[in-house]
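The values are calculated or read from the model by the stated rules, or taken from the named source; none is laboratory data. As the structure is a prediction and not an experimental result, all values here were calculated from the model. Cβ placement follows ideal geometry from the backbone for every residue including glycine, while neighbour counts extend to all protein chains displayed. To get the accessible areas, we keep the full protein, side chains included, count just its heavy atoms, and leave off ligands, DNA and RNA. Shrake-Rupley method; radii C 1.70, N 1.55, O 1.52, S 1.80 Å.
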Amino acid sequence: QYKKLTESTIAQMETAASREIVDSLIDNYVQLSYALLMENLADVETDSIIIDLYYMLTPEQKEEVFAQVAPERWETEGMKKVFEKYQAELRTAPGQPYTDIAALKQDSTSMKLSEVVGTADYVLVDFWASWCGPCRRLIPVLKDVYASQPKGRLQILSCSCDRDEDAWRQALEEEQMPWPQMREDEQYVCNDKYGVVGIPTTILIDKEGMIVARNPDEAELEQILWGE
């Protein structure tokens, strides 16, 4: 059933006339796949569905899955990776202290998130990549919020997942983001520490180093910045 559902959804997405239709197809696919998963969760064959679906599940759905799957099922390679991502996400959920990360600046020297936390009332860490369409579409939104914020309320730190340094530098030239930039490489891997399974992923941290929100939308971000 899951295979047929996946194949059917992919076929419909290939002929979809708009981004809105694609989004609707994905939403419907996740709902149906999740229902199928939960109906058969005791069957170890559903491990493959968990691995496929994990990055599309809500925090509440993930919690329900992890509460019901037997511990020994997390020992296989694919399931172990999912489990580790989930644990990292729990450690960096709202209400938890931030986890420090380090990566490379444009001048190829390293910098840490801890160098930025505390320089404004809030720091928004944006995990992104040059090749990620949704990431690039988020940048103008962040620029607008950054430009209109009350003074000293928000600093942004972009952490790129690009392994292609030239593509990253070209994207920086095109986007002209007026805040600090850093990039992962083989030595500095940051996204695993925050359980990132899809980008863009944003983490909002307050001046005391506590995580306030994970993936806040524009309205939530503005409410935090202007609402206090």
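Against the condition surrounded by fewer than 21 Cβ atoms within 10 Å (Cβ to Cβ), of a type in the set (K, R) and modelled with pLDDT of 95 or more, how does R163 come out, does it pass? The answer is no for R163. Please work out which residue is farthest from G152 (Cα to Cα), limiting yourself to region 102-114 and to residues that are assigned to a strand (DSSP E or B) and open to solvent by 50 Å² or more (accessible area, probe 1.4 Å). It comes out as S110. Can you confirm whether I224 is touching a helix residue (DSSP H, G or I) at 6+ places or on another chain (Cβ under 9 Å), outside any strand (DSSP E or B) and either open to solvent by 30 Å² or more (accessible area, probe 1.4 Å) or not aromatic (F, W, Y) (or both)? Spelling it out, it is not the case that I224 is touching a helix residue (DSSP H, G or I) at 6+ places or on another chain (Cβ under 9 Å), outside any strand (DSSP E or B) and either open to solvent by 30 Å² or more (accessible area, probe 1.4 Å) or not aromatic (F, W, Y) (or both).
Give region 192-212 a look and list any residue that's under 19 Å from W128 (Cβ atoms), touching a strand residue (DSSP E or B) at 6+ places or on another chain (Cβ under 8 Å) and surrounded by fewer than 18 Cβ atoms within 10 Å (Cβ to Cβ), or say none.
Within region 192-212, the subset under 19 Å from W128 (Cβ atoms) is 192-205, 211.
Filter again for touching a strand residue (DSSP E or B) at 6+ places or on another chain (Cβ under 8 Å), leaving 194, 196, 199-205, 211.
Result: no residue meets the conditions.
Among the residues of region 182-200, is any in a strand (DSSP E or B), modelled with pLDDT of 90 or more, more than 29 Å from L57 (Cβ to Cβ) and not charged (D, E, K, R)? Full working, then the answer.
To start, the set of residues in region 182-200 that are in a strand (DSSP E or B) comprises 182-183.
Now narrow it down to the ones that are modelled with pLDDT of 90 or more: 182-183.
Filter once more, keeping what is more than 29 Å from L57 (Cβ to Cβ): none.
Among the residues of region 182-200, not one is in a strand (DSSP E or B), modelled with pLDDT of 90 or more, more than 29 Å from L57 (Cβ to Cβ) and not charged (D, E, K, R), which makes the answer no.
Checking V123, V117 one by one, the residue that is assigned to a strand (DSSP E or B), farther than 23 Å from Q170 by Cβ and in contact (Cβ under 8 Å) with a residue 40 or more places away in the chain is V123 and no other.
Condition first: on the phi < 0 side of the Ramachandran plot and assigned to a strand (DSSP E or B). Can you find one or more residues in region 132-154 that meet it? Checking region 132-154: at least one residue is on the phi < 0 side of the Ramachandran plot and assigned to a strand (DSSP E or B).
Condition check ((1) at pLDDT 95 or above; (2) closer than 17 Å to E184 by Cα; (3) charged (D, E, K, R)) across all residues:
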| position | (1), (2), (3) |
| --- | --- |
| E89 | no, no, yes |
| D100 | yes, yes, yes |
| S108 | no, yes, no |
| S114 | yes, yes, no |
| D121 | yes, no, yes |
| F127 | yes, yes, no |
